[in-house]
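Working notes, beginning with the structure itself.
Nothing in this text is a laboratory measurement; each read-out follows from the coordinates by a stated rule. Here the structure is a predicted model, which means the values were calculated and not measured. Note that we place each Cβ from the backbone using ideal geometry, even for glycine, and neighbour counts take in every protein chain shown.
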């Protein structure tokens, strides 16, 4: 089974050799072990070419071992469950896992875009802005090519079958990162009795200790890790989240962690019926936070430093120790600091030949230099690797002596064959979360990195992420941060001794931001800074030559730090090269801003359970089942599902609506109007309050009286409308539009609480408690009488615009003589539990009158025939009641919200858009809603527009189409002709008319 | 996500609240007496300070009460929450041009 894993070491590693498994990459099957990552398994199989670079299509291989990996971006899985843009270094190997490189179209090995490499000069910094511009007509062709060739993974095109969940948690101390510093901090806090959450993005805790041969207290360091984790697991108030990446640090110590769930365990716990949770998003509010996320090793910037086989030294050590994978046979190590010497020792110990350590420092390493010498590894101090040979794989390193002058040219005097080049340019603390939280960064000239500075929120940094690069310093710093956290919480820090380590002192790092080449920086082979975005030293220099100075601008111009990388690998090198080019110190140039997310997070994890009906709940009226049984297609209004029409015998929308309209006009129809917002207003100051918010004179309404009312914003624009009924001296009932119900209640509450707290008024929503059945048409009165009503319904006893309580078919109801159709009509309010019974009785008794249920579409036509507006359809937040011709509703005797605004000069303009009716001159054309209105045809673009169509229907009652529109100065232009100009259609000649098309005197509703 | 102290319910996550804009802008007693410019100032202009900001919040998913929060617009740090009927201490930073609610 292990066959083919040529680079697998015979012994060691944290892989489970008893669990071999198979996986595929780019369609080819390979073998690996449980405990491998996709990256380690590919390296074990000798797969060094993993994809093509973003812009220049250069062959690329694995560089790193974790979140900093720029090249090994994978599409994992097939079909709907495929996950794009995963880093191979972070994908746990599973049986049957199928991965593809996301870049490299049409294939990784033969790449059409590779030719682009030769044209690199036209794809320099800012190429987006400079090339592919002319001729303009070719843009579509360019765009197709660019979009196809660029881009990372392919988003699945069907719904994600994976399940996600959100979980909220609170803790005293959240520790981000489970390496030596994080474990130490967590132990300290937990022993003090704090509630602790420890999250680490890896499968196992240990951080950097997983990758090396460190010792703690004279034993393998991982023994100490195992002890610490076991102790923490025992603690009742300690939660350990492995595979959990803290990716966002938000305000008020709110942090987000995405946890990859181990499917088997979850499935077992939850039973087979539910699909296991794939990822869990933790939303944590922490009192204190300790950031211990470690540091990223930086690559070195030399010519062709992107060739497969050039890897970070720490990653090489990690693959050897953790995965028992030897990524090369003959290695060169290139460094400007001591840490890579350990990689040389690791390589030698694993059986590789280390041809040389190339150290840019003239003095070489500290104490570790002696150990290397004892192993017989040659060290070339004061030298650099200036260039490498090989295209799909490193073949050799070109080495030059270097004096230390940053931009000097060097001469390559020595070439060493190798298939692996392990590089180290020093370490950059992972300050991302600190920076997200608003913390400042400080440049450390001795360690050549940005350190977390002053924090804005209650957090602290510890370990390598705080610039403590040695193991002993890490442990001590974790203890310090843990103690500081518990002291801030008022707890007693426990007595803990710092475990002993056996490190020798290191020689200091020396700056080497850009390795000198044989030619000058703009002509030498490409020196990559950001591998993922193909940003080179020459690109940054070009950006500076073209006038860019600010680091944020240079980033956007050169794409430095874009993509999934977000500057993890290349940012500091980029800033430093920019600083050197500008001749400024690095801290003066600064860094770009770090923002969430730290690593890519799936949309599914962000959504959690909030998908489908759990995201957008469906609201159904009490009569919903009847509507469904009647076969009514539903229209979604807000969250309500309302019947749109009730087709009979296979009718289409138009036939059904025409029939329903005629039924209402000629006999009687019934509609479920339950979704209207309903607000009960009561209290001794109810009149006073409503006077202030509604435009009409409320105090003149006697109990039993109804009125049409509109609400204005303080800006004078129509916000909502509805019926106001006065039920008693101190009690009113308001209706609102379906979509405006919650907004109106909130609006009224806000004024009551913030502006007029002295008013004794109480507001109660009744929207769902009561259902509304609208019975409309000349036979509506006869229908209710036939059904059995205990009060007289004749015109004199119960006039138009009045309200009565009554018993209808033995059921208590409120009857409102209001009409949205212009016909004799009754709106019946009834407790929602009784509504289905009443509806059925009405349908039974109504057979005699051919009682016809109608939906929202017919309601729209009927009201448009009358010129009644729908707020939000015929208005858009820029329409005053004057624009709608509702001056009669505006009291002159009192103030009301928005009144003063109606006198603003803008609201008095004669050319404001006003509500009018439109009839098409041809007579038979339904004008598309939303069509713009123009004065004349035949004008050249841009054509001035004088209005737009807001509602448009065919009126069966009138036998022709009708439309409502907002037209500049429209009310004074009756009889004039305009043209409706729907896009892509011939203009339609229309005549401006009154918006009241049907029964303009309103006689029918008063009978 | 902010952690906001509701004066009635205690500290709750921002998602339970809705924002109501700058606090301490009383509706003019006699709007008709105001010039267009004065009315526009009430209607449209807000102080938008860098630093301490008194603002209205509503515990929309809780007790549904409105109250005042003093928040630093730079750091998002919240200095305190106040009921509308409380006399609110004047922030150190500003000479407020409007009296607070309930003052």
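Brief remarks follow.
- The stretch A:174-207 and the stretch A:651-690 have Cα centres separated by 61 Å.
- P(r), alpha carbons of the stretch A:522-598 - 5 Å bins starting at zero, rounded %: 3, 18, 30, 27, 16, 5, 1, 0
- Taking the inverse of the mean reciprocal distance over all distinct Cα pairs, the Kirkwood hydrodynamic radius of the stretch A:612-708 comes to 17.0 Å.
- Counting only other chain Cβ atoms within 10 Å of each residue's Cβ, the peptide A:247-257 averages 3.
- Normalised by residue count, the stretch A:496-628 yields a Cα convex hull volume of 288 Å³ per residue.
- Helical contribution to [θ] at 222 nm, DSSP H n ≥ 4, -39,500 (n - 2.57), averaged over the protein assembly as shown, rounded to 500: -6000 deg cm²/dmol
- Reciprocal of mean inverse Cα separation for the stretch A:532-572 (Kirkwood radius, Å): 10.1
- Here, the stretch A:715-757 has an Rg and a Dmax of 11.7, 31 Å when only alpha carbons are counted.
- Computed over the stretch A:883-982, the P(r) curve from all C-alpha pair distances, binned at 10 Å from the origin, holds 14, 39, 29, 15, 3 percent per bin.
- Here the scattering of the stretch A:679-736 is modelled by Debye summation over its C-alpha atoms, one equal scatterer each and no solvent; at q = 0.16 Å⁻¹ the log10 of I(q)/I(0) is -0.42.
- Compared with the dominant principal axis of the Cα atoms in chain A, helix A:471-488 is inclined by about 40°.
- When the inverse distances between all different Cα atoms of the stretch B:3-82 are averaged and flipped, the Kirkwood radius reads 13.8 angstrom.
- Summary of the geometry: the stretch A:898-944 and the stretch A:83-102, compared by the centres of their Cα atoms, lie 57 Å apart.
- The stretch A:299-425 - Debye-derived log10 I(q)/I(0), Cα point model, q = 0.13, 0.15 Å⁻¹: -0.44, -0.60
- Cβ crowding within 10 Å ranks A:474, A:946, A:449 as A:946, A:449, A:474, fewest other Cβ atoms first.
- Axis angle, to the nearest 10 degrees, between helix A:180-191 and the longest C-alpha principal axis of chain A: 60 degrees.
- As a ratio to 2.2 N^0.38 Å, the alpha-carbon radius of gyration for the stretch A:791-871 is 1.18.
- Debye intensity ratio in log₁₀ form over the Cα atoms of the protein assembly as shown, taken at each q of 0.04, 0.05 Å⁻¹: -0.31, -0.48
- Applying Stokes-Einstein at 37 °C and 0.692 mPa s to the Kirkwood radius of the stretch A:463-542, computed over alpha-carbon pairs, gives a translational diffusion coefficient of 194 µm² s⁻¹.
- Fewest-first ranking of A:450, A:562, using other Cβ atoms within 10 Å as the exposure measure: A:562, A:450
- Calculated P(r) of the stretch A:328-390 - Cα pairs past 18 Å, %: 27
- Residue order, fewest to most beta carbons within 10 Å, for A:440, A:899, A:892: A:892, A:440, A:899
- In the stretch A:664-781, the C-alpha radius of gyration followed by the widest Cα-Cα span (Dmax) gives 15.1, 51 angstrom.
- Using alpha-carbon coordinates, inclination of helix A:653-666 to the longest axis of chain A, degrees: 30
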